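J.: Mind looking over this structure? Questions follow.
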Amino acid sequence: MPFDFRRFDIYRKVPKDLTQPTFTGAIISVCCCLFILFLFLSELTGFIATEIVWKGGCIGKRNPLILGGVNELYVDDPDKDSGGKIEVNLNISLPNLHCELIGLDIQDEMGRHEVGHIDNSMKIPLNNGDGCRFEGQFSINKVPGNFHVSTHSATAQPQNPDMTHIIHKLSFGDKLQVQNIHGAFNALEGADKLSSNPLASHDYILKIVPTVYEEMNGKQRYSYQYTVANKEYVAYSHTGRIIPAIWFRYDLSPITVKYTERRQPLYRFITTICAIIGGTFTVAGILDSCIFTASEAWKKIQLGKMQ
């Protein structure tokens, strides 16, 4: 007797003459297909969409520590190729101070002390020359320090300097144009000090948080968020004169934030679709069987065949 390979068939077929279509079964089948289609489209949307996850960690020597499978604490410098520099973008308007009086000074704990920084900067006159808008791009070292807008670099100090101002932009590092990320990358945007004391100095104390954004192709972009606190005071020089300034004092946080783009793996998507189809048909089959059995039992009761 020849070997019949069909013995391995675990999906044995029921002859059509032994099956019976019902109206209830047709309704359940249609609803079942619509339900499967809805879940399939929902899972497909989630599979196509890009998910952004974040991790918090420490900068310095690498030392992984997993907390609940979500946060990863590690000691690492995220932007090792920067040469220890952070790019700064500053855009500020001083509507009551002439452009020739305004300068940018930079100093830090590494000994840098630069008065009247002019590289990659631009001054735009405002209010018919009575005011000025200062725009500058410069780099700072990754150590505590400050940069400030003042009249320190002017050849002659004004009698009544007016440091009222509006900050349009202060950002660090690369610009991240990602809609799903809401962070303090430009926390001082719109800071309005026009109603403050014209002779007052302003201290903005910044805590800079390194931020890494990793795309799905592995490319990384380095930016910096920051928190800010500010105070306003009148400062006198050793000669008794008031020389106000707008100070931005910064320090780097030991915490780094990492955003990673990722997409659901294909095998997980296939597994989910199989679970949806199999589970839906199984539940629908149980429901249809219960309804059909109850219906047959009721018919027998009506015919008096069940005691």
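J.: So if I check each of 233, 250, which one is modelled with pLDDT of 80 or more and buried (at least 17 other Cβ atoms within 10 Å of the Cβ)? First the steps, then the outcome.
T.: Numbers: 233 fails: buried (at least 17 other Cβ atoms within 10 Å of the Cβ).
On inspection, the qualifying residue turns out to be 250.
J.: While we're looking at this one, here's another question. Here are 80, 55, 61: which of them is among the charged types (D, E, K, R), at pLDDT below 75, under 30 Å from residue 266 (Cα atoms) and under 32 Å from the mean Cα position of the chain (by Cα)?
T.: Values: 80 fails: under 30 Å from residue 266 (Cα atoms); 61 fails: under 30 Å from residue 266 (Cα atoms).
Only one candidate qualifies: 55.
J.: Here's something else I'd like to know. Please verify whether the stretch 246-259 includes one or more residues that are out of contact with any helix residue (DSSP H, G or I) (no Cβ under 6 Å at 6 or more places or on another chain) and without any contact (Cβ under 8 Å) to a residue 40 or more places away in the chain.
T.: Going through the stretch 246-259, the residues out of contact with any helix residue (DSSP H, G or I) (no Cβ under 6 Å at 6 or more places or on another chain) turn out to be 246-259.
Next, from what is left, pick out any that are without any contact (Cβ under 8 Å) to a residue 40 or more places away in the chain: none.
Among the residues of the stretch 246-259, not one is out of contact with any helix residue (DSSP H, G or I) (no Cβ under 6 Å at 6 or more places or on another chain) and without any contact (Cβ under 8 Å) to a residue 40 or more places away in the chain, which makes the answer no.
J.: Continuing with the same structure: Could you count how many residues in the stretch 266-276 are at pLDDT below 85, open to solvent by less than 40 Å² (accessible area, probe 1.4 Å) and not aromatic (Phe, Trp, Tyr)?
T.: Total satisfying the criteria: 0.
J.: Taking the conditions exactly as written (over 30 Å from residue 205 (Cβ atoms), at pLDDT below 85 and exposed (fewer than 11 other Cβ atoms within 10 Å of the Cβ)), does residue 285 satisfy them or not?
T.: Working: over 30 Å from residue 205 (Cβ atoms): yes; at pLDDT below 85: yes; exposed (fewer than 11 other Cβ atoms within 10 Å of the Cβ): no.
When the stated conditions are applied, residue 285 does not pass them.
J.: Kindly indicate the residue of the stretch 94-107 that is assigned to a strand (DSSP E or B) and out of contact with any Lys or Arg (no Cβ under 9 Å at 6 or more places or on another chain) and also surrounded by the most Cβ atoms within 10 Å (Cβ to Cβ) among those meeting that condition.
T.: As a first pass, look at the stretch 94-107 and keep what is assigned to a strand (DSSP E or B): 94, 103-107.
The next check asks that each one be out of contact with any Lys or Arg (no Cβ under 9 Å at 6 or more places or on another chain); those that pass are 103-105, 107.
On the way: 103: 20, 104: 24, 105: 18, 107: 15.
Result: 104.
J.: Looking at the structure I just gave you, is residue 279 surrounded by fewer than 13 Cβ atoms within 10 Å (Cβ to Cβ), out of contact with any His (no Cβ under 8 Å at 6 or more places or on another chain) and closer than 30 Å to residue 153 by Cβ?
T.: Values: surrounded by fewer than 13 Cβ atoms within 10 Å (Cβ to Cβ): yes; out of contact with any His (no Cβ under 8 Å at 6 or more places or on another chain): yes; closer than 30 Å to residue 153 by Cβ: no.
The answer is no for residue 279.
J.: Enumerate the strands (runs of 3 or more DSSP E) found wholly within the stretch 210-305, keeping only those where 3 or more residues are aromatic (Phe, Trp, Tyr) and under 30 Å from residue 190 (Cα atoms). Before you say what the answer is, go through the steps one by one.
T.: Details: elements: 220-233, 245-252, 255-262.
Passing ranges, in order: 220-233, 245-252.
J.: Can you run down the residue pairs with Cβ atoms below 6 Å, 6 or more apart or on separate chains, where the first is in the stretch 285-301 and within 15 Å of residue 27 (Cβ to Cβ) and the partner is part of a helix (DSSP H, G or I)?
T.: Listed pairs, sorted by first residue: 288/25; 288/28; 291/24.
J.: Give the stretch 115-144 a look and list any residue that's in a strand (DSSP E or B) and touching a residue at least 60 places away in the same chain (Cβ under 8 Å), or say none. Steps first, answer last, please.
T.: The initial filter retains those residues of the stretch 115-144 that are in a strand (DSSP E or B), namely 121-126, 131-141.
Result: 140, single match.
The values are calculated or read from the model by the stated rules, or taken from the named source; none is laboratory data. All values reported here derive from a predicted model rather than from experimental measurement. Heads up, the Cβs are rebuilt from the backbone with ideal geometry, glycines too, and the neighbour counts pull from every protein chain shown. What goes into the accessible areas is simple: the full protein's heavy atoms, side chains included, and nothing from ligands, DNA or RNA. Shrake-Rupley method; radii C 1.70, N 1.55, O 1.52, S 1.80 Å.
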